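The values are calculated or read from the model by the stated rules, or taken from the named source; none is laboratory data. Just so it is clear, the model here is predicted, and its values are computed rather than measured. We place every Cβ from the backbone using ideal geometry, glycine too, and count neighbours over all the protein chains shown.
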Amino acid sequence: MNLTMALLGTKRFMTKSEIFRRVAGYSGTSETKERMFERDKDDLRTLGIEIEVASHDPLFEDEVGYRIRAELFQLREKFDSEELGLVSLALGLIGGSELGETTHSLSRRINSLAVSPITPEEFRLSEIDITEEGLTELLKALSERRSVTFQYRKEGTSKDEDRRVNPLGLSAWRGGWYLVGEDLDRDDVRVFKLSRISSRIDASSPSNAYVIPEDFSAKDYLVMLKPGEYSVAVRVRRALALNLRNLAETVTQLDDDWDLLKVNFKDREQALREILWMGPDAVVEEPAELRLALVESLKKLVTSHG
């Protein structure tokens with residue numbers, strides 16, 4: 001934190017010798033301070049904080065200096081009341097977990113803003129339990145790029161297997177968490193369901209042990225999240241139909257009240273089921289046969305229930 005503040009506050013490149021003199025926390029022999037500095041730089045880069053490195057004068061071979069540009073460090077996005085409501089809701093969900101202490105300060109910051117958070121009506125997440133054994137350890141290992149080891153029990157077997165994995169991503173689906181990682185013994189990217197990890201997770205390996213490819217996406221390896229082949233254009237009301245929006249390939253604003261979503265479902269039955277759930281807030285534009293099937297389903301509903 002001290003290094004971040006110092007590099008953010010300087011308008012010119014700060015040399016390593018200046019950092020050692022002016023930034024609190026660097027003490028001991030020159031070799032010790034060098035190790036501490038390299039560790040801190042690695043930690044900041046792991047967090048996605050970009051450090052610029054250059055000399056004071058490009059025409060001369062001066063000692064290189066370091067700085068963090070404020071425009072690359074700060075959040076450039078402005079959140080509206082509804083977006084802040086979603087963030088507040090997410091913080092509330094993890095408030096009782098091991099990450100709870102971190103959420104309190106974030107919640108205070110949100111509540112101090114001039115914009116009051118408003119949670120959209122379609123969200124009813126208060127009963128969701130997002131905690132799972134090993135999640136905190138894997139999140140920390142992923143952020144620090146540490147290899148992990150654990151025992152894993154595959155579906156349909158009663159035998160535990162030793163696994164050595166480089167965590168690449170974590171994703172949740174229908175209340176369960178999944179780890180996507182490089183299985184070092186099988187030389188392949190595999191998916192692990194956290195509830196099937198049968199031992200403690202050991203993340204004692206060195207940090208920055210591997211690099212995650214820039215084009216990596218955990219969703220590419222989760223079969224349940226892959227788009228289907230039944231393409232649908234559906235018009236939905238603004239700020240509604242979160243599930244459809246999560247599935248959508250494109251979202252186009254039509255006017256102040258409606259958006260047009262292009263969604264790929266697995267089949268017509270899935271499309272019918274998801275769109276019927278939205279009632280009058282979703283209107284099928286194409287294909288025509290899905291629109292007809294939707295009308296027939298609504299007619300049957302009226303006949304059955306009056």
task = Filter the range 270-306 down to the residues that are at pLDDT below 85 and β-branched (V, I, T), then identify the one that is farthest from the chain's Cα centre (by Cα).
result = T303
query = Failed condition for D215, given (1) over 28 Å from E274 (Cα atoms); (2) of a type in the set (D, E, K, R); (3) in contact with a strand residue (DSSP E or B) (Cβ under 9 Å, 6 or more places away or on another chain); (4) modelled with pLDDT under 90, with all others met?
reply = (3)
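Residue by residue, here is whether (1) in contact with a strand residue (DSSP E or B) (Cβ under 9 Å, 6 or more places away or on another chain); (2) at pLDDT 95 or above holds:
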{"position": "L113", "(1), (2)": "no, no"}
{"position": "P117", "(1), (2)": "no, no"}
{"position": "R124", "(1), (2)": "no, no"}
{"position": "D129", "(1), (2)": "no, no"}
{"position": "E133", "(1), (2)": "yes, no"}
{"position": "E137", "(1), (2)": "yes, no"}
{"position": "T149", "(1), (2)": "yes, yes"}
{"position": "E155", "(1), (2)": "yes, no"}
{"position": "R164", "(1), (2)": "yes, yes"}
note = Exception for N243 within (1) within 29 Å of the chain's Cα centre (by Cα); (2) of a type outside the set (V, I, T); (3) in a helix (DSSP H, G or I); (4) over 21 Å from L86 (Cβ atoms) falls at (4)
ask   = Is there a residue in the range 274-294 that is surrounded by fewer than 15 Cβ atoms within 10 Å (Cβ to Cβ), closer than 29 Å to L170 by Cα and β-branched (V, I, T)?
value = no
message = Restricting to the range 241-262, name every residue that is closer than 16 Å to E229 by Cα, surrounded by 13 or more Cβ atoms within 10 Å (Cβ to Cβ) and either at pLDDT 90 or above or charged (D, E, K, R) (or both).
response = L261, K262
task = Select from the range 148-179 the residues that are under 11 Å from L194 (Cα atoms) and either outside the structural domain of D215 (by TED's automatic domain parsing) or of a type in the set (S, T, Y) (or both) and list them in ascending order.
result = Y152, S171, Y178
message = For the condition in a loop (DSSP other than H, G, I, E, B), among the charged types (D, E, K, R) and within 22 Å of the chain's Cα centre (by Cα), what is the one hit in E214, E249?
response = E214
request  = Report the residue count in the range 13-52 for those that are of a type in the set (D, E) and closer than 26 Å to P167 by Cα.
outcome  = 5
